[in-house]
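K.L.:
Below is one structure. I have some questions about it.
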Amino acid sequence: MSMSFSYRHLYYFWAVAKEGGLTRAAERLGLSVQTVSTQVRELEQSLGAALLKPAGRGLTLTEAGQAALEVAEQIFVLGETLPERVRDASTAPAVRLAVGISDGLPKLVVQRLLQPIIDTPHLRLLCHEDEFDDLLGDLALHRLDVVLADRPAPPNPNLRVYSHALGSSPMAWFAAPRWAEAAARNFPASLADVPLLLPTDHAAVRIRLDHWLERHGVRAKVAGEFEDSALLATFGAAGMGVFPAAALMSDKLVQRDGLVRVGDCVGVEEAFYAVGTDKKIVHPLVRRLLPQPADATG
């Protein structure tokens with residue numbers, strides 16, 4: 001059976017549908033808007049139906065477009081497996097997992113979240129760090145298998161993704177010995193008397209930390225703000241200031257970095273999520289990252 005459209009036509013339509021507009025799709029694909037528009041128009045002509053229609057400043061799917069997207073999803077999910085299957089057929093077997101790490105997620109937590117799959121035989125783990133929205137775009141285009149983040153994916157009719165809670169951790173304050181005694185004395189009011197290091201607002205927990213400081217009447221002396229949580233901990237360990245971190249990493253921070261846990265940030269928790277595509281074929285390693293339901297009884 002011959003087809004008057006190509007794999008490329010369908011892929012460009014798929015990218016436009018996921019991005020919600022020609023401009024964003026063209027930017028992600030590294031092509032001109034005219035090129036992408038022409039390919040999508042040729043696909044519509046081949047199928048004999050309009051697939052997209054204007055919606056505000058962007059585009060949305062027609063009923064025919066929704067049907068085409070559902071088929072495209074299945075095609076590209078299978079297509080993504082082709083290079084891996086060819087490699088596996090010619091080399092030693094490998095199990096590949098491409099993980100997006102949101103820049104707001106504490107890096108000290110990432111290894112713990114991935115622990116359920118670390119011992120997988122022949123594992124090939126690929127980790128990519130980026131801003132959350134950009135990672136969701138890569139996830140929708142199946143460049144990633146899962147995204148780990150400190151927040152769920154926001155509602156978006158053009159991105160069929162699901163968010164699953166992996167757990168949470170209370171927050172605590174840590175300091176190098178240089179600041180530990182001053183920070184622990186009359187805690188938490190003492191935090192007004194020492195330099196503080198905080199995550200930027202890229203981290204979902206930042207606003208909760210600000211509210212906690214306000215509730216306790218702490219007028220913070222912010223000595224530094226960091227998008228990268230590992231960098232934040234590094235400067236904290238070097239004595240630049242007192243900083244918050246997930247309490248579940250307390251043993252590592254205390255034993256490895258010689259830090260002191262000076263007090264708990266009561267009422268503030270950091271949440272962790274796995275965000276994946278809404279598709280029929282779920283990567284088996286992604287499944288293992290998610291909390292397992294209790295066995296049914298009775």
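The values are calculated or read from the model by the stated rules, or taken from the named source; none is laboratory data. Nothing here was measured: the structure is a model prediction, and the numbers come from that model. Note: ideal-geometry Cβ built from the backbone for every residue, glycine included; neighbour counts use all protein chains shown. We work out accessible area using only protein heavy atoms, side chains counted, and drop any ligands, DNA or RNA first. Shrake-Rupley method; radii C 1.70, N 1.55, O 1.52, S 1.80 Å.
K.L.:
Gain in length, Arg124 to Gln74, computed as 0.36 nm per residue apart minus the alpha-carbon separation, to one decimal in nm?
P.N.:
Working: separation 50, 0.36 × 50 = 18.00 nm, distance 2.40 nm.
Result for the pair: 15.6 nm of gain on full extension.
K.L.:
Then there is this: How much length would be gained if the chain were fully extended between Ala94 and Ala189, taking 0.36 nm per residue of separation minus their Cα-Cα distance, in nm to one decimal? Walk me through the intermediate numbers first.
P.N.:
Details: separation 95, 0.36 × 95 = 34.20 nm, distance 5.31 nm.
Net length gain for the segment: 28.9 nm.
K.L.:
Go ahead and run the numbers for FRET between Asp264 and Ile207, Cβ-Cβ distance against an R0 of 30 Å, rounding to 0.05. If you can, show how the numbers build up before the last one.
P.N.:
Working: r = 19 Å, r/R0 = 0.62.
The pair Asp264/Ile207 has a calculated efficiency of 0.95.
K.L.:
Oh, and also: Explain nothing, just compute: Karplus ³J(HN,Hα) = 6.51 cos²θ - 1.76 cosθ + 1.60, θ = phi - 60°, for every residue of the stretch 222-232 in order, whole Hz, x for Gly and Pro.
P.N.:
7, 8, x, 10, 9, 6, 8, 5, 5, 5, 4
K.L.:
On to the next question. Under 5 Å between amide H atoms, partner at least 5 residues away or on a different chain: which partners does Leu123 have, H built in plane at 1.01 Å?
P.N.:
Amide H neighbours of Leu123: Val95.
K.L.:
Further, regarding this structure: If DNA, RNA and ligands are ignored and the probe is 1.4 Å, what is the ranking of Ile117, Ile75 by accessible area, most exposed first?
P.N.:
Details: Ile117 0, Ile75 65 Å².
The residues order as Ile75, Ile117, largest area first.
K.L.:
Whole percent per 5 Å bin, from 0 to the bin with the longest distance: what is P(r) over all C-alpha pairs of the stretch 114-262?
P.N.:
Spelled out bin by bin, the stretch 114-262 gives 2, 8, 16, 18, 17, 13, 11, 8, 5, 2, 0 percent.
K.L.:
Of (1) 22.0; (2) 15.4; (3) 21.1, which one was derived for mean projected area of the Cα convex hull in nm² from the structure shown?
P.N.:
(1)
K.L.:
Skip the ligands, DNA and RNA, and give the accessible area per residue of the chain with a 1.4 Å probe, whole Å².
P.N.:
Here the per-residue accessible area is 52 Å².
K.L.:
Kirkwood-based Rg over Rh for the stretch 73-166 (C-alpha set), two decimals?
P.N.:
So for the stretch 73-166, dividing Rg by the Kirkwood Rh gives 0.98.
K.L.:
What is the percent carbon and sulfur in the accessible area of the chain, measuring with a 1.4 Å probe over the protein chains and ignoring ligands? Don't skip to the answer; put the middle values down first.
P.N.:
Values: 8320 of 15590 Å².
About 53 percent, which is the carbon plus sulfur part of the accessible surface.
K.L.:
Among 168-174, 258-264, how do they line up from the highest to the lowest mean number of other beta-carbon atoms within 10 Å?
P.N.:
Values: 168-174: 20.3, 258-264: 17.6.
Output ranking for 168-174, 258-264: 168-174, 258-264.
K.L.:
Length gain on complete extension for the stretch Ala238 to Ala49, per 0.36 nm per residue less the alpha carbon to alpha carbon distance?
P.N.:
61.8 nm
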